[in-house]
Amino acid sequence: MAPRRILLNLALDLALAALALPLALWLDAPGNWPPPQWWPPALAGGVGAFLLGALPLRLPRQYWRFASIPDISAVIAAAVVMAATFYAGLWLFTPDGYRWPLPSLAFPLLHAGSLVALLGGTRLIARMQHAHRAGPASDTPPRTALLAGAGDAVDIFLRALSAQRAPGFQVLGILAPRARQAGRRIQGAPILGALDDAAAVLERLRGEGRLPALLVLVDHGLSGKALEEVLDAADRHGVTVRRAPRPTSLDPTALERNGQTTADAPARRVTLRPVEIEELLDRPQVPLDREGMARLVQGRRVLVTGAGGTIGGELARQLAALGPSALTLLDHGEFALYSIDLELGERHPNVLRRAVLADIRDETRIRRLFDEARPELVFHAAALKHVPMVENDPAEGLLTNALGTRVVADAARAAGALAMVFISTDKAVNPTSVMGAGKRLAEMYCQSLDVQARIGGAGTAAGGMRCVTVRFGNVLGSTGSVVPLFRRQLERGGPLTVTHPDMRRYFMTVREAVGLVLQASVVGAEDRADQPPELREGGIFVLDMGEPVKIVDLARRMIRLAGLRPDEDVEIRFTGLRPGEKLYEELFHGQEPPHPTHFPGLLVATPRTADPALVSRAIDEIAASCRAGQPRLALGQLSRLVPEFDHDPHHAATGRAGA
């Protein structure tokens, strides 16, 4: 607050405090008025009492138009101190010549009340005068809305609405987290029921002819299954669902706490946004061993391949936050690498970074880079992942996904890395695509290296680099995935294209997936007492992906979240399965049943391993066929090494759940 404004507030408060003194005297004894000579020293004493009570509590620094409960509490505390100090001064310091019958013992209470009424009342009046002043006036009638959320968030949202000249929303009621809150009110808005009762509350409002146009989600913790139930209830009644801004962006005091001025805070418009599909499919965060992650990463040299991609980028972000001594970002795409390097430079400027353009298939280049960087931890996320694209160019997919993984693993081991973490996919289970089969071959090589490091191989001793393989399904919003595709199609007005009505996929948010990858890294990189015994035999970590989601249901939900109606406003068109695609993805092969671990969200697949020399020789043969322009020969060699690879380049598979 500007010094001139502080001085003006101080002068106004002094004037109000001076008015409070005669008011209190009159209330105490209307006929016992002090003589004229009593007033100068009394007013001087009142100024001293005011300064003693008001300055420590910073009353002159308060914004009157933003007066809140803490501000009024400070006024009350200052008034009590002023009244007590002034009354004590009357008894102790009033000269005999100025004495007259002193006020009664009730005078300090009357004096404090007068101060609160004048100092606090003016602040409340100022706040009321400045309410409803933000934004332009509107001739459009406000839409009726039902709020869903906890008390504090609802209170902040309602206060933000009251600060608008034309709020745009008329709140009919509130859905609270618990049923026992029903019947109470928040700022005059009634609590109509619990979130679990959303369907019944909407049905009752429809029967009363008061069905709201909007259901506003004020609680940002509402996601996953609970959010889906609320959305389903709203869908049945044709009520649009929107997400409110976060409370910190609505609360004017939050700006002041962040060191910004609050002068323009009420002018913020309350704008709602659609619910994102990621929020609907998001699950509660499982507890992670953050301390273990910090011990693993902090102070170590870390390298991430595919750092410009969705998984690699999120790995780089979370790793940078754990404080590595150096972070090397490796990618083949120039702009993607530039973007993540720029972002990390802004977020973590103290982390020593190096952005490297390189192709993981270039063994000489990768060896030289690893010799220079000497990474202690390697996270290998680089891959070609789009199934139809790899079907069109199988040689490129095999050279990147199989040969490239071996090149990185061998370079990491030669550079003395403690561990390499390999990001695999559910498409490697009973693969029907070149992409999945190539990833399975890479899994086999990493498994064999890990077994060799843990228990020793032929003629070798145990010890050396650990290879931690982590397998999971689709990541929401990743490059080339279905969610960004549906968003683009919605922006054009449709149609949304789905390959098959029964197509199902596992989904996980990138934040959750990477958190569990790091958790698996902590468990697999070092020998621990709580380590799953399957790891000693080359076991693969598999993330618990929950239940698979029908893609057509995902499309319908995204249309509804956009405020539109499936098959009426936006068409859903089925285009047919593409080469290499399955109807159902699997996380475990029939010969590698899952085993739980002590860590929520992590499972271990019973291993199927092979000799590393055999796998390496097969990769060399496949790579030679690919470079010679003989992809059919390469695929034949791949089928011999991955016998469950059932490849039909012209038709898609239905999946073999339980095979």
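I'd like the full set of residues that are touching a helix residue (DSSP H, G or I) at 6+ places or on another chain (Cβ under 9 Å) and more than 20 Å from GLU372 (Cβ to Cβ), limited to segment 329-339. Matches in segment 329-339: ALA336, SER339.
When ASP28 is tested against the conditions (1) in contact with a Phe, Trp or Tyr (Cβ under 8 Å, 6 or more places away or on another chain); (2) at positive phi, the lone failure is (2). Consider ALA373 carefully, then state whether it is in the same structural domain as ILE622 (by TED's automatic domain parsing), among the small types (Gly, Ala, Ser), in contact (Cβ under 8 Å) with a residue 40 or more places away in the chain and touching a strand residue (DSSP E or B) at 6+ places or on another chain (Cβ under 6 Å). Answer is yes for this residue.
Going by the structure shown, is GLU208 closer than 23 Å to LEU564 by Cα, surrounded by fewer than 21 Cβ atoms within 10 Å (Cβ to Cβ) and not aliphatic (A, V, I, L, M)? So GLU208 does not fit the description; no. Pairs are defined by a Cβ separation below 9 Å, a sequence spacing of at least 6 or placement on different chains, a first member in segment 554-578 that is more than 14 Å from GLU491 (Cα to Cα), and a second member that is in a loop (DSSP other than H, G, I, E, B) and among the polar types (S, T, N, Q); the pairs so defined are PHE574/THR499; THR575/THR499; GLY576/THR499; LEU577/THR499; LEU577/THR654; ARG578/THR499. Determine whether segment 396-410 contains at least one residue that is more than 34 Å from the chain's Cα centre (by Cα), assigned to a helix (DSSP H, G or I) and either modelled with pLDDT under 95 or not assigned by TED's automatic domain parsing to the domain that holds PRO631 (or both). No, because not a single residue in segment 396-410 is more than 34 Å from the chain's Cα centre (by Cα), assigned to a helix (DSSP H, G or I) and either modelled with pLDDT under 95 or not assigned by TED's automatic domain parsing to the domain that holds PRO631 (or both). Inspect segment 505-514 for any residue being over 18 Å from the mean Cα position of the chain (by Cα), modelled with pLDDT of 80 or more and surrounded by 20 or more Cβ atoms within 10 Å (Cβ to Cβ) and give the result as yes or no. Checking segment 505-514: not a single residue is over 18 Å from the mean Cα position of the chain (by Cα), modelled with pLDDT of 80 or more and surrounded by 20 or more Cβ atoms within 10 Å (Cβ to Cβ). Residues in segment 46-85 that are aromatic (Phe, Trp, Tyr) and part of a helix (DSSP H, G or I): PHE50, TRP64, PHE66.
In segment 487-495 there is no residue that is closer than 23 Å to THR425 by Cα and touching a residue at least 24 places away in the same chain (Cβ under 8 Å).
So that you can scan it fast, the table gives a plain yes or no per residue for (1) closer than 14 Å to ALA78 by Cβ; (2) more than 57 Å from the chain's Cα centre (by Cα); (3) outside the structural domain of ALA117 (by TED's automatic domain parsing); (4) not in a helix (DSSP H, G or I):
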site: ALA11; (1), (2), (3), (4): no, no, no, no
site: ALA15; (1), (2), (3), (4): no, no, no, no
site: ALA24; (1), (2), (3), (4): no, no, no, no
site: LEU27; (1), (2), (3), (4): no, yes, no, no
site: PRO30; (1), (2), (3), (4): no, yes, no, yes
site: TRP38; (1), (2), (3), (4): no, yes, no, no
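Quickly run through segment 413-446 and pick out the residues that are aromatic (Phe, Trp, Tyr) and not in a helix (DSSP H, G or I).
Across segment 413-446, the qualifying residue is only PHE422.
Residues in segment 515-566 that are modelled with pLDDT under 80, part of a helix (DSSP H, G or I), out of contact with any Asp or Glu (no Cβ under 8 Å at 6 or more places or on another chain) and not basic (Lys, Arg): PRO533, GLU534, GLU537. Tell me, please, whether a residue that is touching a helix residue (DSSP H, G or I) at 6+ places or on another chain (Cβ under 8 Å), surrounded by fewer than 21 Cβ atoms within 10 Å (Cβ to Cβ), assigned to a helix (DSSP H, G or I) and hydrophobic (A, V, I, L, M, F, W, C) can be found in segment 447-454. No: segment 447-454 contains no residue that is touching a helix residue (DSSP H, G or I) at 6+ places or on another chain (Cβ under 8 Å), surrounded by fewer than 21 Cβ atoms within 10 Å (Cβ to Cβ), assigned to a helix (DSSP H, G or I) and hydrophobic (A, V, I, L, M, F, W, C).
Kindly indicate whether GLY313 is within 29 Å of the chain's Cα centre (by Cα), part of a helix (DSSP H, G or I) and without any contact (Cβ under 8 Å) to a residue 12 or more places away in the chain. Here the answer is no, as GLY313 does not meet what is asked.
The values are calculated or read from the model by the stated rules, or taken from the named source; none is laboratory data. This one's a predicted model, so the numbers in the text were calculated from it and none came from an experiment. No Cβ is skipped: glycine too gets one built from the backbone with ideal geometry, and neighbour counts run over all protein chains shown.
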